[in-house]
Amino acid sequence: MNNENNNTSRLIRRWHVQSMIGLSTSQIYKMMAEGTFPEPVRLTKRSVAWREAEVINWIASRSVASRRAA
């Protein structure tokens, strides 16, 4: 499989999301409540993970939005 296919189905945990986007846990959950950040997938009663492709798309959308604002 190539990396593109791996990214579409790969699930990543919160610490990985934080390292990718550079924001705190509370900021991530605040943005989720506002509907501006992807929702996680529930893995078990006490754990969640995010779809890596959705996080990557969110990062790309922020880059585009920041360029438009400049």
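The values are calculated or read from the model by the stated rules, or taken from the named source; none is laboratory data. No experiment lies behind these values; they were computed from the predicted model shown. A quick note on method: Cβ atoms are made from the backbone with ideal geometry, for glycine too, and the neighbour counts reach across all protein chains shown.
Odds and ends about this structure:
- Qualifying position, being among the small types (Gly, Ala, Ser) and modelled with pLDDT under 95, among SER9, SER26: SER9
- In region 28-70, residue farthest from the chain's Cα centre (by Cα) [restricted to those that are of a type in the set (Val, Ile, Thr) and over 19 Å from ARG13 (Cβ atoms)]: VAL64
- Scanning region 22-55 for residues that are touching a helix residue (DSSP H, G or I) at 6+ places or on another chain (Cβ under 7 Å), part of a helix (DSSP H, G or I) and exposed (fewer than 15 other Cβ atoms within 10 Å of the Cβ) yields a single hit, THR25.
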